[in-house]
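What follows is a set of notes on a single structure, which appears directly below.
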């Protein structure tokens, strides 16, 4: 699983351009028997492992936050648009542009040239540009074109024995876990769905949930860990290394009490360390799934990740393994029957 | 209308996502007048009365109320909360609240050394359930549990004030209409869930029912209190026929249908243009290939506080107006 | 088809968001020249279906317009109004408007004149709440003719022809794109198509409404939404606007990459000038809701650049309008038996 997480994390798949991630997952799953794989009109990869019992969907999103080329300036710098990235984290980062993975950097005025007022002002995205070394506008447009996606060039690393560093851990951890689950057999009609465009408004799930029409949905996510020294205990969303997180409510979904109970009981019985996802902010693919057609039951298992939506996030291997173990135990013990 | 029924429906516990108790209470009042009563996957309570015309009318009133959800319990046993629906932190301060298991608490805010209550934010709000430690508190309440304002029904002559008027008063109106109505259509009275957190329950119910017409019932604002935002709605002048709110523009054919029913039976009504706030009406309208959808509202003062105030004449007239709509043979069509 | 004549008829018919009945009738009248297969759904979306076999292409343009509504009638008969969707209050003071009551009334949007305001107040824009809508009638007459909820529109003035095939008028957003649809139907009337095209004049775009239902009713295999986008005006930043002479073709997560490619090919084949519109997320058009309906729809977006959006003097180029129609028509003509392969995302 960690090998796959590393490879997934290093792939670039900005919302709406998830092809590289999808191709990787399809290739990796190709040698598992009994999987029917289909890509829908939005790019969701819907993997069906037919079986008897209720329709259970486990979902993880393939896309990551990133940028998109809008055009080039006369001096060859590339203007970009984005969604979901704090402009303070992109300054002085290495990026890769388009299908050819053209290397570039996002620079800023040198500190020596800044005025006192400059230093106190946040640079907005419209004042920041990607520099690929192009001479001028025409030269830049030889290498990149409007619409090309821009991803961070961060390479996955192990940090000691316990932790990993990489970009897009939200939600490549979910993808890696789901790929592992698809190798197992469960007594249900199982759908593993790798969704698109979660980061631009939970969009892929609308189409996927409609197509699959599941009875139960479990979403696997990478979520905010904000266990910084300044945050008081009561302000945590999750804490890294304190186990996977189980959601009860966020901005898109109120988890039904029976689902919350089924997940927490499963964790307790199996001795898997867990924490409630304490904040009610944020939103994930459960929302569209819960209210699709006449509605279904949804739950969410998250891996706490520090610094999500930035070029480099950190997660705990035990939390990741715990999330896998909980999803596996929930499916193996047919706990989904308890919410139907 | 039977005041005991109104009080029972208003007093039932049921914040968004935790509507079981409210559903049980409402169910006992509608079951005698329905052919079947069931709850769907979302938790919507649906009372179905069969008809003969082959047409289906859906009535929808939401049974959830605003509240608080516990997100953390600190060492001293104070409960930290997030809002469920449109709770104002200043109005939410120094209130009595109650959990589903009957545990009561009171609310206050931290940082009293820095500022007064008029600057309190939701992050500073907490519930005190009288415990001295986290361990003691955890025996009574768990993270993820929800609390609501304790309801206190106050009779003010022909008017009444109480928490949860939004939208239990309309649940009571629909229950009463189920009893009183004569209709040749299939009538589905849907008591929806999770309206206060973004109109989430109505659309899945409408998806399954596929009605020819939906009439939502909800509360609406007024313009007859001192120095408030302008609105051409007053208490006691009749229920309102919604023209638009932030979730919907009611199709003129549906508005005309409701107004014709009112005018035929001589029921007073007002037209309502609500500036801020949405209802299930819009979410239901946008279900499947589009559903004709309108809304009758009860003018209500002080919405989303524990003293939501309505006029019982408007409530009675809303029942009459709903029955007048249900008895019409011809439903609106494009 | 006389494009200017169609544009005039469409833009001089009222159709404020949520009440598009009158303009729907005009659209239906034009549809009838090309097909008998016309229908209206419960939202009010108005469809015309051409072709008899092959995959379904849904083409959408919205027919609702920004407008206002009466919210209150003062004791002296002055009306208070609100925006139904998208009205910029700064364009209202002194504007001639029409109140669509029992009969249509002429009126003026008024506000307290600057010399009666406190000093400095005239540097702030008026809020719509500070303004009145004055029909000049006395209170009794107003109460007889006008009710809360009645629509108020800008005066229904016909478009003007300016230099260089530029035209100016009201409600080009998005009736100009309805005109594009009609022009595309006109081009296609002699074509033998291997697809079916459902043209849909959608409702409630200005507040996010009709597009979803249009997918549920048309059940398309692919969709092209059409809307207007901004053409450069003073103060608009580069990349935020598209030249008024070019067809704008959108790419980004809202757009199926193969649809984008096929649309640009349809333009290039006819040497039609076009430009990229890059949308990092929300396109603010019918395409946004369309893409995620049912099991997902391969969606494209073509826009007609327009100056002074949401005013009563919007400007477009008739040449660009016709070019948009040519792109849509060629796109439909290019659809063949291999359409599924062409749209496949896994290659």
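Read the figures in this text as sums done on the coordinates, not as results from a lab. The structure presented is a predicted model; accordingly, all values stated were derived computationally and were not measured. Heads up, the Cβs are rebuilt from the backbone with ideal geometry, glycines too, and the neighbour counts pull from every protein chain shown.
Rounded, prolate or oblate: which one fits segment C:186-245, using the alpha carbon gyration tensor with axes a ≥ b ≥ c (rounded when a/c is under 1.5, else prolate when a/b beats b/c, else oblate)?
On the way: a/c = 3.14, a/b = 1.57, b/c = 2.00.
Taking the square roots of the gyration eigenvalues as a ≥ b ≥ c, segment C:186-245 is oblate.
For the protein assembly as shown, what is the percent of antiparallel DSSP beta bridges, rounded to the nearest 5? Present the calculation step by step, with values, prior to reporting the outcome.
Details: 119 of 196 bridges.
Bridges in the protein assembly as shown that DSSP calls antiparallel: roughly 60 percent.
In whole Å, what are the extents of segment A:225-281 along the principal axes defined by its C-alpha atoms, from largest to smallest?
34, 27, 13
If you average the C-alpha positions of segment C:309-325 and of segment A:114-141 separately, how far apart do those two centres end up, in angstrom?
Computed from Cα coordinates, the inter-centre distance equals 34 Å.
Among rounded, prolate and oblate, which fits the protein assembly as shown when a ≥ b ≥ c are the square roots of the eigenvalues of its C-alpha gyration tensor, a/c under 1.5 means rounded, and a/b larger than b/c means prolate? All intermediate terms of the calculation are to be shown ahead of the outcome.
On the way: a/c = 1.41, a/b = 1.02, b/c = 1.39.
The shape class here is rounded.
Explain nothing, just the number: relative contact order of chain B, from Cα pairs under 8 Å at least 6 residues apart, as a whole percent. Walk me through the numbers on the way to the answer.
On the way: 815 pairs, mean separation 74.0, N = 334.
Relative contact order of chain B: 22 percent.
What's the average, rounded to a whole number, of partner chain beta-carbon atoms within 10 Å of each residue's beta-carbon in A:243-252?
Values: counts 0, 0, 0, 1, 1, 9, 9, 1, 2, 3.
The shielding value for this peptide is 3.
Give the dimensionless ratio obtained when the Cα radius of gyration of segment B:67-149 is divided by 2.2 N^0.38 Å. Walk me through the numbers on the way to the answer.
Working: Rg = 11.8 Å, N = 83, 2.2 N^0.38 = 11.8 Å.
Against the empirical 2.2 N^0.38 Å value, I get 1.00 for segment B:67-149.
Taking the alpha carbon gyration tensor of chain C, what are the square roots of 5 times its eigenvalues, largest first, to the nearest whole Å?
Values: eigenvalues 288, 94, 63 Å².
For chain C, the ellipsoid semi-axes come out as 38, 22, 18 Å.
What average number of partner chain Cβ atoms lie no more than 10 Å from the Cβ of the residues making up A:155-167? Provide the component values of the computation, followed by the final result.
Values: counts 0, 0, 0, 0, 0, 0, 0, 0, 0, 0, 0, 0, 0.
The shielding value for this peptide is 0.
Which order results if C:306, A:73, A:159 are arranged by neighbouring Cβ count within 10 Å, fewest first?
A:159, A:73, C:306
Express in % the proportion of alpha carbon pairs of segment C:67-154 at distances exceeding 23 Å. Kindly include the intermediate steps, with their values, before the conclusion.
Values: 778 of 3828 pairs.
Value for segment C:67-154 (Cα pairs over 23 Å): 20 percent.
What is the Cα coordinate range of segment B:9-65 on the first, second and third principal axes, sorted by size from largest, in whole angstrom?
37, 21, 17
Would you mind calculating the relative contact order of segment A:139-285 from Cα pairs under 8 angstrom and at least 6 residues apart, reporting the percent as a whole number? The partial results should precede the final answer.
Numbers: 135 pairs, mean separation 26.9, N = 147.
Relative contact order, segment A:139-285: 18 percent.
Given the convex hull of the Cα atoms of segment A:67-152, what is a quarter of its surface area in nm²? Intermediate values should be presented prior to the final figure.
On the way: hull surface 22.2 nm².
So the mean shadow area of the Cα hull is 5.5 nm².
Mean-square fluctuation check for chain A, GNM, Cα pairs under 10 Å: which of A:27, A:270, A:245 is largest?
Looking only at A:27, A:270, A:245, the largest GNM fluctuation is found for A:27.
Would you mind classifying segment B:186-283 by shape? Square roots of the alpha carbon gyration tensor eigenvalues, ordered a ≥ b ≥ c; an a/c under 1.5 is rounded, otherwise it is prolate if a/b is larger than b/c and oblate if not.
Details: a/c = 2.18, a/b = 1.29, b/c = 1.69.
In terms of gyration-tensor shape, oblate.
Rounded to the nearest Å, what's the spacing between the alpha carbon centres of segment C:329-347 and segment B:75-113? Just the number, please.
The two parts, judged by their Cα centres, are 58 Å apart.
Taking the alpha carbon gyration tensor of segment A:96-226, what are the square roots of 5 times its eigenvalues, largest first, to the nearest whole Å?
Values: eigenvalues 297, 81, 53 Å².
Those come to 39, 20, 16 Å.
Mean-square fluctuation check for chain C, GNM, Cα pairs under 10 Å: which of C:181, C:160, C:259 is largest?
C:160
For chain B, set up a GNM with springs between Cα atoms under 10 Å and report which of B:299, B:226, B:32 has the largest fluctuation.
Answer for the Gaussian network model of chain B: B:226.
What ranking do B:167, B:35 get, fewest neighbouring Cβ atoms within 10 angstrom at the top? Write out the running numbers ahead of the final one.
On the way: B:167 31, B:35 11.
Ordered by Cβ neighbours within 10 Å, fewest first: B:35, B:167.
Given the rule -39500 (n - 2.57) for each run of at least 4 DSSP H residues, summed and divided by the residues of chain A, what is its mean residue ellipticity at 222 nm, to the nearest 500 deg cm²/dmol?
Working: 9 runs with 89 residues, N = 340.
Calculated from helices alone, the mean residue ellipticity at 222 nm is -7500 deg cm²/dmol.
Cut-off is 10 Å between beta-carbons; in what order do A:260, C:4, A:152, B:191 appear when sorted fewest neighbours first?
Result, fewest neighbours first: C:4, A:260, A:152, B:191.
Can you give the average number of partner chain beta-carbon atoms within 10 Å of each beta-carbon in peptide A:196-209, as a whole number? Provide the component values of the computation, followed by the final result.
Values: counts 3, 5, 0, 2, 8, 6, 1, 7, 4, 1, 7, 7, 3, 1.
Going residue by residue through A:196-209 and averaging, the value is 4.
Given 10 Å bins starting at zero, what is the percent of C-alpha pairs of segment A:196-340 in each, up to the one with the largest pair distance?
12, 41, 37, 10, 0
With contacts defined as alpha carbon pairs under 8 Å and 6 or more residues apart, what's the relative contact order of segment C:67-154 in percent? Write down the numbers at each step before the final one.
Details: 167 pairs, mean separation 38.5, N = 88.
It comes to 44 percent, rounded to a whole number.
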